[in-house]
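Each remark here refers to the structure printed beneath this line.
The values are calculated or read from the model by the stated rules, or taken from the named source; none is laboratory data. Remember, predicted model here, so these are calculated numbers, not experimental data. Don't worry about glycine lacking a Cβ; one is built from the backbone with ideal geometry, like all the others, and counts go over all protein chains shown.
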Amino acid sequence: MTTVSKTPPPGTPLTPNFTFRDYSIFFLAGAICATATHGAATPIDVVKTRVQIDPALAKHSLLQGGRKIVAAEGPRALLTGFGPTAVGYFIQGGGKFAGYEFWKKKFVDLTGSQEKAVQYRLPIYLGAAAVGEFFADILLTPLEATRIRLVSDRTYASGLVSGFARLAREGGLREMYAGFLPILCKQIPYALGQFTVHEYCNEIAYRNMSEETKRNLSHLQRNGISLGSGVVAGVAAAVLSQPADTLLSQINKGHGPEGSMAYRLITLGRQAGFKGLFSGLGPRIYMTAFLVSGQFAIYGQVKHALHAPPGIEIFKE
């Protein structure tokens with residue numbers, strides 16, 4: 001755990017100087033953790049997406065919806081969209097985690113002192129998460145649009161390559177990035193909850209330990225704290241991003257009126273109502289708690305295995 005230095009002498013950096021290799025490991029660790037967790041959650045995500053967009057499944061629970069899909073289409077239907085999920089979240093996960101580490105360092109350095117960094121740690125967390133996620137979503141959006149089309153229409157294409165090619169051929173950049181705004185509306189709140197709540201949960205855990213206990217914590221114990229904080233962060237991320245997640249599924253299915261993306265989102269939101277926007281939240285909370293906690297645990301393990309430096313911590317003592 002690397003903490004921010006006290007106000008440094010002139011010419012001395014406030015935070016460690018991460019190298020290109022360090023950021024490469026951050027990217028790889030983020031890519032691996034996101035691919036592993038999102039890939040494992042593909043069956044849950046398939047059912048969740050179908051519950052959101054298929055009127056015949058709208059009133060069913062996750063388990064009931066899964067049984068109906070398997071009965072009608074076979075077990076393989078639950079793995080629909082695995083290809084774009086794995087590739088998309090490999091790129092997005094790497095960009096998000098490495099981006100968070102990069103922008104967090106930049107924003108901490110801008111404060112000029114440990115005291116200021118601690119004072120402004122909330123906007124630092126929020127800003128780093130939002131900016132990192134924004135750039136990661138530029139890479140994710142076309143693959144997410146492909147995934148949702150494969151899940152919602154099993155006849156759309158046979159897999160990732162053919163589905164992506166059809167989307168690019170028939171819709172071009174406009175359709176590939178039609179979901180960019182709703183993805184931002186979904187993923188940025190998700191990232192804010194994921195990273196900010198995780199940071200504060202870690203802070204609470206470490207603040208209630210003596211200095212001796214903190215010094216004697218093993219890597220496995222630190223990873224356990226990160227895992228527990230990730231569960232709470234996952235719940236927050238699910239709640240914050242649920243409305244946009246529902247709208248994103250509708251947009252990529254082609255629902256809604258003609259017009260600008262903002263107009264379509266507003267119209268679809270009004271049609272869905274509060275209850276409709278949070279349809280499927282229950283199973284998504286379970287899924288997201290698994291995703292986020294798993295990601296932080298795997299991220300820490302991969303960084304440790306590859307001898308990457310620890311992230312910058314700006315906890316309030």
Breaking point among (1) surrounded by fewer than 22 Cβ atoms within 10 Å (Cβ to Cβ); (2) touching a residue at least 24 places away in the same chain (Cβ under 8 Å); (3) under 22 Å from P182 (Cβ atoms); (4) of a type in the set (D, E), for E313:
(3)
Within the set of pairs 6+ apart or on separate chains, which have a first residue in segment 93-107 that is touching a residue at least 60 places away in the same chain (Cβ under 8 Å), a second that is crowded, with 24+ Cβ neighbours inside 10 Å and acidic (D, E), and C-beta atoms under 6 Å apart?
K96/E133
How many residues are within 12 Å of F195 (Cα to Cα) and out of contact with any Phe, Trp or Tyr (no Cβ under 6 Å at 6 or more places or on another chain) if we restrict to segment 126-139?
3
Meets criteria (touching a helix residue (DSSP H, G or I) at 6+ places or on another chain (Cβ under 9 Å), part of a loop (DSSP other than H, G, I, E, B) and modelled with pLDDT under 95) for P9
no
Counting only residues that are over 21 Å from the mean Cα position of the chain (by Cα) and buried (at least 16 other Cβ atoms within 10 Å of the Cβ), how many does segment 298-308 have?
1
Filter segment 43-63 for residues that are modelled with pLDDT under 85 and not aliphatic (A, V, I, L, M) and give the result.
D45, K48, T49, R50, Q52, D54, P55, K59, H60, S61
Across segment 247-277, which residue is nearest to the chain's Cα centre (by Cα) among those that are assigned to a helix (DSSP H, G or I) and charged (D, E, K, R)?
K253
Out of all the residues in segment 142-184, which are at pLDDT 85 or above, over 22 Å from the mean Cα position of the chain (by Cα) and not in a helix (DSSP H, G or I)?
Y156, A157
Residues that are assigned to a helix (DSSP H, G or I) and either of a type in the set (A, V, I, L, M, F, W, C) or surrounded by fewer than 19 Cβ atoms within 10 Å (Cβ to Cβ) (or both), drawn from segment 278-297
L281, G282, I285, Y286, M287, A289, F290, L291, V292, F296, A297
Given the options A244, A236, A191, name the one that is of a type outside the set (F, W, Y), in contact (Cβ under 8 Å) with a residue 40 or more places away in the chain, part of a helix (DSSP H, G or I) and farther than 21 Å from F135 by Cα.
A236
Can you spot a residue in segment 232-255 that is of a type in the set (V, I, T), modelled with pLDDT under 90, crowded, with 17+ Cβ neighbours inside 10 Å and out of contact with any Leu (no Cβ under 8 Å at 6 or more places or on another chain)?
no
Selection status of Y263, out of contact with any Lys or Arg (no Cβ under 7 Å at 6 or more places or on another chain), surrounded by fewer than 20 Cβ atoms within 10 Å (Cβ to Cβ), hydroxyl-bearing (S, T, Y) and under 20 Å from E175 (Cα atoms)
yes
Surrounded by fewer than 21 Cβ atoms within 10 Å (Cβ to Cβ) and over 27 Å from R147 (Cβ atoms): is that true of R222 in this structure?
yes
Looking at segment 22-41, which of the residues that are crowded, with 19+ Cβ neighbours inside 10 Å and polar (S, T, N, Q) is nearest to Y89 (Cα to Cα)?
T35
Residues in segment 247-288 that are closer than 13 Å to P182 by Cβ and touching a residue at least 60 places away in the same chain (Cβ under 8 Å) total 11
